[in-house]
1. Report, by residue number, each residue of the stretch B:258-299 that is facing another protein chain (nearest Cβ under 8 Å) and assigned to a helix (DSSP H, G or I).
2. Just checking, does the stretch B:130-137 include any residue being surrounded by fewer than 18 Cβ atoms within 10 Å (Cβ to Cβ) and either modelled with pLDDT of 95 or more or away from chain A (no Cβ under 11 Å) (or both)?
3. Taking the stretch B:216-257, which residues are part of a loop (DSSP other than H, G, I, E, B) and hydroxyl-bearing (Ser, Thr, Tyr)?
4. Among the residues of the stretch B:76-104 satisfying the criterion of being in contact with a helix residue (DSSP H, G or I) (Cβ under 8 Å, 6 or more places away or on another chain) and among the small types (Gly, Ala, Ser), which is surrounded by the fewest Cβ atoms within 10 Å (Cβ to Cβ)?
5. Tell me, which helices (runs of 4 or more DSSP H) lie completely within the stretch A:116-234 with 2 or more residues that are at pLDDT below 95 and within 14 Å of chain B (Cβ to nearest Cβ)?
6. For A:Gly105, which of the numbered conditions (1) assigned to a helix (DSSP H, G or I); (2) more than 19 Å from the chain's Cα centre (by Cα) fails to hold?
7. Pick out the one residue from B:Val56, B:Val112 that is in a helix (DSSP H, G or I) and closer than 10 Å to B:Ser218 by Cα.
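The values are calculated or read from the model by the stated rules, or taken from the named source; none is laboratory data. Quick caveat, the model's predicted, so the values are computed rather than measured. Cβ placement follows ideal geometry from the backbone for every residue including glycine, while neighbour counts extend to all protein chains displayed.
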Amino acid sequence: MTDMTDMTVNTRHVPNRLNSHAYRTLRSWEALLLVVAVAIFVLNSFASPYFLNAWNLSDATYNFTEKGMIAFAMALLIISGEIDLSVASIIALASTAMGLAVQYGAGTPELVMIGLSVGLLCGAFNAIFVTVLGLPSIVVTIGTMSLFRGISYIILGDGAYRGYPDSFAWFGQGYIYWVFTVEIAIFAVIAVIYGVLLHKTNFGRAVYAIGNNPTGALFSGIRVQRVKFILFLLTGLMSGVAAICLTSRLGSTRPSIATGMELEVVTMVVLGGINILGGSGSIPGVVIAAFVMGLVTFGLGLLNVPGIVMSIFIGLLLIGVIALPRIWAMIAARRSQT
Amino acid sequence: MVSRNIPVRETILGGAILVLMGLISTRFAGFVAPANLANVFNDTAPLIILALGQMVVILTRCIDLSMAANLALTGMVVAMLNVAMPGLPIPFIIAIAILLGAFMGAINGLLVWKLAIPPIVVTLGTMTIFRGIIFLISDGKWVNAHEMSAAFTGFPRAAFLGLPVLSWIAILTVIVFGLMMSRSALGRSIFAVGGNPHAAVYTGINVGKTQFLAFTLSGALAGLTGYLWVARYAVAYVDIAGGFELEVVAACVIGGISIAGGIGSVGGAVLGAIFLGVVKNALPVVNISPFWQLAISGSAILIAVAFNARAGQTKGRIILKSAEGSV
């Protein structure tokens with residue numbers, strides 16, 4: 001019994017994930033996800049005759065593009081051992097600020113600037129609490145989650161902002177080429193940027209190092225707090241980008257906009273193979289996870305499954321993807337003992 | 001013992017609540033009338049009960065974000081049960097609510113204990129699953145007041161010694177949890193697990209099992225509140241208490257429960273809940289739009305956590321030493 005508890009305690013600590021075995025499982029995780037994505041795609045095309053239609057599929061990408069934009073920044077944040085639960089509220093505040101600006105006659109360039117700056121400011125606000133005051137990010141962002149959306153409620157009450165300029169609709173409703181939407185293009189560009197940032201730069205190495213061992217990272221000369229500050233800024237900025245896309249797509253702002261989206265973003269990140277305890281994960285994993293979640297929601301939607309029932313699938317997916325490898329490892333460990 | 005260090009924080013919070021009430025009474029004297037204060041307390045009772053459950057979970061270094069969904073699911077089940085069998089006695093319904101809530105809490109606890117999945121992931125997941133299940137069993141329909149029996153809706157409101165039963169249940173829960181945390185082995189091991197899990201293992205405490213029990217307790221309280229909530233507001237639907245899990249966490253954080261585990265007290269959780277309850281009830285009285293409430297509780301969380309982190313760093317070590325000494 002003592003051995004059991006000892007084991008449980010130890011598993012709560014982040015083990016060294018730089019060994020080759022972890023890399024192998026990481027690789028196979030993405031391969032597995034890809035198989036799942038293809039399987040869902042094939043199943044869906046059999047289940048509904050409306051699935052294999054370029055325009056329908058193009059519409060379906062809206063299920064994940066906005067969440068995915070935030071998920072990339074969130075992935076880096078979670079790898080570094082922090083989390084931001086306020087992203088959906090940042091969207092609400094940024095969208096409210098843009099709606100307010102419209103009432104004073106702001107044009108599309110100003111709106112974009114405002115959306116991005118509010119996102120950055122909110123990110124900086126979180127960052128100051130976490131890095132300067134040294135508070136746990138989960139509590140801070142639960143607090144700012146109420147605060148940011150609370151400010152939207154104070155400004156908007158039960159009202160709504162409309163009347164966005166026609167040119168603003170381009171972000172959420174426009175097409176780059178044929179069926180490829182502006183949002184999927186932004187999603188792709190952001191994916192590439194974050195992929196390079198995480199996997200090809202010193203900054204990315206620092207993010208992994210911090211997630212694996214913050215003290216060790218500090219002793220090896222990484223400015224831990226500064227890296228974390230930047231990660232919170234980036235998450236805020238991405239929430240600002242998502243706010244622009246979502247507001248442009250909906251054409252109106254209510255304070256309840258994007259409620260609960262933080263959960264779906266975290267689910268997407270975890271599904272993408274990012275270790276929720278920090279230290280490991282990859283951007284390609286998150287990209288595939290975004291597609292998987294988008295395909296699942298779209299497929300279930302075509303089969304007339306109501307949104308709240310889909311959330312059961314999302315919840316099961318979230319727990320399942322973490323639980324199954326652990327159950328499998330437990331069975332394997334038991335087998336090797338006997 | 002823990003109580004040696006805690007009163008400082010509790011006194012400050014208690015003082016803050018008194019100052020707040022004083023300020024409100026300058027705008028509207030009737031707010032501090034005993035009858036109104038009793039109303040405020042009754043209105044805050046569900047939050048107090050839930051905050052105690054959340055406190056136990058947070059003390060063991062976990063978090064339970066599924067409490068409000070658990071509450072809503074249990075509430076829906078007992079409401080539908082009442083519609084199907086109006087003759088079912090209330091004690092039986094309460095027992096079902098507590099057991100069902102505890103069962104859902106135990107699911108969270110098992111996932112955390114046996115599979116070592118981070119609690120935030122588990123409860124984010126079960127939160128959406130529970131909400132989804134409410135939709136599945138109710139088909140998205142509401143259970144309204146006229147469908148429920150008079151005994152079912154009347155119980156929490158029945159007056160007993162001048163206070164509604166709902167208030168008495170909250171008081172009883174506070175007493176039981178106060179005794180449990182300070183006088184029982186489970187209460188002491190909850191502190192020990194959160195204070196230092198490794199040391200707890202060496203003193204013979206099963207860390208995972210203690211966390212499992214904490215989740216089961218918080219689930220049981222969520223279930224109990226589920227019945228009280230549905231009966232008091234005489235309606236059950238998918239979204240009842242939506243977002244309430246954050247208010248519960250806010251009450252705990254404001255009450256000085258450290259999110260890092262091991263530090264906190266029953267009194268703190270209760271005062272944190274009362275603080276939010278006073279703010280909520282005072283806003284309409286002093287002519288501030290209720291839309292301010294979300295921002296105010298958000299700011300209160302940030303101020304409280306910043307304040308507690310500064311005050312708690314040395315105190316945490318003192319509590320640890322004395323906890324180790326007493327186990």
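1. Answer for the stretch B:258-299, where residues must be facing another protein chain (nearest Cβ under 8 Å) and assigned to a helix (DSSP H, G or I): B:Phe291, B:Trp292, B:Gln293, B:Leu294, B:Ala295, B:Ile296, B:Ser297, B:Gly298, B:Ser299.
2. yes
3. Listed by number, the list holds a single entry, B:Tyr237.
4. B:Ala102
5. The helices (runs of 4 or more DSSP H) meeting that bar are A:137-156.
6. (1)
7. B:Val56
Conditions tested, residue by residue: (1) within 14 Å of chain A (Cβ to nearest Cβ); (2) farther than 30 Å from A:Ile331 by Cα.
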{"position": "B:Leu23", "(1), (2)": "no, yes"}
{"position": "B:Leu65", "(1), (2)": "yes, no"}
{"position": "B:Ala69", "(1), (2)": "yes, yes"}
{"position": "B:Thr74", "(1), (2)": "no, yes"}
{"position": "B:Pro89", "(1), (2)": "no, yes"}
{"position": "B:Met104", "(1), (2)": "yes, no"}
{"position": "B:Leu111", "(1), (2)": "yes, no"}
{"position": "B:Leu115", "(1), (2)": "yes, no"}
